[in-house]
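Here's the structure we're looking at; comments come further down.
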Amino acid sequence: MSRMAELTARYPVLQKVGNVSRSVQLGALAAAIALLAVVALWFRGPDYKVLFSNLQDRDGGAIIGALAQMNVPYQLTDNGAAILVPSDKVHETRLQLAQQGLPRSGEAGFELIDQTRFGASQFTEQVNFQRALEGELASSIQALNAVQHARVHLALPRETLFVRDRQPPSASVLLTLYPGRMLSESQVAAISWLVSSSVPNLTADNVSVVDQNGRLLTAPAGSGSGDSVRRDLIAEIETRTVQRILTLLNPIVGTGNVRAQVSADVDFAQREQTSEVYRPNQVPGQAAVRSQQTSASLQNGVPPAEGIPGALTNQPPPDPVAPINQPQGVPGAPEAGADGQPIDGAALQDALPAPGAAAPAAGTGTPGVLATGTQIGPQGTARNDATINYEVDRTISHVKDPVGQLRRLSVAVVVNYRDMENGPQPLPDDEIQKIDALVKQAMGYSPERGDSVSVVNSLFSDEGPPAPRFWENPAYMEHAIQLLKYLMIAAAVVLLWRGLGRPIIDNMAEAKEKLEREAQEIEDNRAALEAAERRASEMSRYQDNLATARTMATKDPRAVAMVLRSWLEKKNVGQ
C-alpha cells in the first residue's frame, strides 16, 4: 500500500487510472494482449508446413539445392529428415520438384530407361535394365505395411548357348521394418514368390530375404526351415482329432467329464519310386505278334545243273505249261507231290505251321511226307522255316509319396465316473465299449497303420489347484497397483501443498496482514500529523491574532476600547 501510495504520489496518471472502472481496465488489458499477439505473429514471418519428411541425406541435399535455385525459403527439422516451406507454396513446390524427379525415394525404377543416352553400349543397357528391375521390385515390396525400406539385388548370369555352362539366377532382398513390426512366414514366402515371379528362370528357393538386424528370414532348402510348418501340421491333426472326440462324447458323459489326448506320428520324408516290370505273354489266344518270318521250300525230282557255264545257260525259263499237260520231270514245271499232283502256293502255305505253333525242324516227320501230311517222292526235298516274335508285357510306374503322410495315431481318453444317488459310480463295460467304438470312428482308426486307442474310466479328482491368496490374485494386484498410483499422486500433491503451496499462501497472508497494519499505522500517523498541524496552525493563528491585537492596541487604544465595549454588550445581551 505504501508503494502504491508513493507511485500514486509520484505519477498522478496512475491516480487517474485508478479512478477508471474495472470493466474498462479489463478491456484495455485484453486489447493490449491482442495487440502484442498480432505484433508477435507479424514479426514471426510466414507459416511453414512440411514439404517432405523421412528423407535420406542424398534426397535432402538434392531438394535443398533445387529450392535454392527456385528462391523458395525453407527450414530443416527432425535432424534434417524433414523440410519445411511456406504453407502457401507447398503444393506448387511439390509439383515443380516432381517435374525434376525429386525426391528419388527408394531405388530408381523403369524411368532409367527414359534417360538412355545415344550410343549406349549393350552392357550399359543391360545394367540399366537390371537397376530398373531392382528399383521396381523394391518399390513393390515397400508397399507392404510392415516394410519401411527395401533393397533388391539381382544376380543375372549371362545367357549362353551351352547348356552345361548355364547358371540359374538368384536374388537377395534387404528389408528395413518399422519399429515393433515383424513379418510372418507367409509374408516372407510372398516376398520370395513376388521376386521369383518377376525374373525369368528364378525360383523362390534362390531368393534370400534378410532384415535390418541381419537375420535370415528365408532359410536355405534342407536346413529345417519347415520345422514350424511341420509342428503346425501335427498340432492341427491332434487338435482336430481331440475336437472330434469331445464333440461325440460330451453329450453322452456330460461336458467336463471326458479328457482326450492325441499323439500323431507324421512322416515328412519325400520319396519317389520308378519301377519297370516285364512279364511273359502267356495268355492263350491273346498273344500279340510283333514280327513273323516264314520260309518254305519243296523240291521233287529236280535234275542237277547242266550245260556249259556262260550266256547260253542264262536263258529265261520256258513258257509255263498247264499241269494237266505237263509231263513229270520237265524242268521248270511246278513241283508235284508223291501222287504226281503239282503243289501250288496255297498248299505250301497250308503246310506251314500256324502262328503260335512250334516250327518243325527240316527233315522231321515220316520220310517222304511233309509236316502237314503232303507226301513227296523219295528223291524230293522239303524245307519249312518260321520265325515269330511276340510282344512282352512291360509296366513302367513312377510313384511320388505325398509329404506329411500320417503314419500312426495314438489316442488316450479318460472318462469320469457317473454321478448317482449313492455317489459316483463307474460306467458299465458295454458303455465303455461303445465309447471305445465311437473314439475309433472319430479318429479314423486303422489297424493297418498301427493306430492305438486307450479308453479308461476313472474318477476325476475334485481337488483343483490351490486358490491364490487375495494378494496373489492378478485382478486384485491390478487394482492395488492402480490404488497405489493414486495414493502416490495424492501424497505428492499433499507434500507439494505443505512444502510449497501452504507456505506461499501463509506468506502471502502474512504479507497482506503486514501491509494492512502498515497501512493502518500510516493512516493513524497521518491523522495525528494532520491534527498536530491543525493545532499548530491554530496556535500560530492565535499568536498572530494576539500580536495583531497588541499592535492595534498600541497604535489605536480608543478603537480597541470600542471593540471591547461592543463584545461586552453582546455578551450581556446574550445572557
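Couple of notes before you dig in:
- Lysines whose Cα lies under 23 Å from that of residue 400, excluding same-chain neighbours fewer than 8 positions away: none
- Overall dimensions of region 195-269 as given by Cα atoms, namely Rg and Dmax in Å: 20.4, 61
- Sites residue 381 and residue 275 - FRET efficiency at Förster radius 60 Å, r taken between beta-carbons, to 0.05: 0.70
- Hits among lysines - C-alpha to C-alpha of residue 555 under 28 Å, sequence gap 8 or more where chains match: 570, 571
- Environment charge of residue 449, counting only residues whose C-beta is closer than 9 Å and scoring Lys/Arg +1, Asp/Glu -1: 0
- For the pair residue 161 and residue 561, the difference between a 0.36 nm per residue extended length and the Cα-Cα distance amounts to 127.9 nm.
- Under 23 Å of direct C-alpha separation, and excluding same-chain neighbours fewer than eight residues apart, residue 89 reaches these lysines: 49.
- Rolling a 1.4 Å probe over the protein heavy atoms leaves residue 476 with an accessible area of roughly 120 Å².
- Inter-site label distance for residue 50 and residue 248 at 7 Å from Cα along Cβ, in nm: 6.1
- Highest mean packing first, where packing is the average number of other Cβ atoms within 10 Å per residue, the peptides 259-271, 555-567 line up as 259-271, 555-567.
The values are calculated or read from the model by the stated rules, or taken from the named source; none is laboratory data. Small disclaimer: the values here were computed from a predicted structure and weren't measured. Virtual Cβ from ideal backbone geometry, glycine too; neighbours counted across all protein chains shown. Each accessible area value is taken on the protein alone, full model and side chains, heavy atoms only, with ligands, DNA and RNA left out. Shrake-Rupley method; radii C 1.70, N 1.55, O 1.52, S 1.80 Å.
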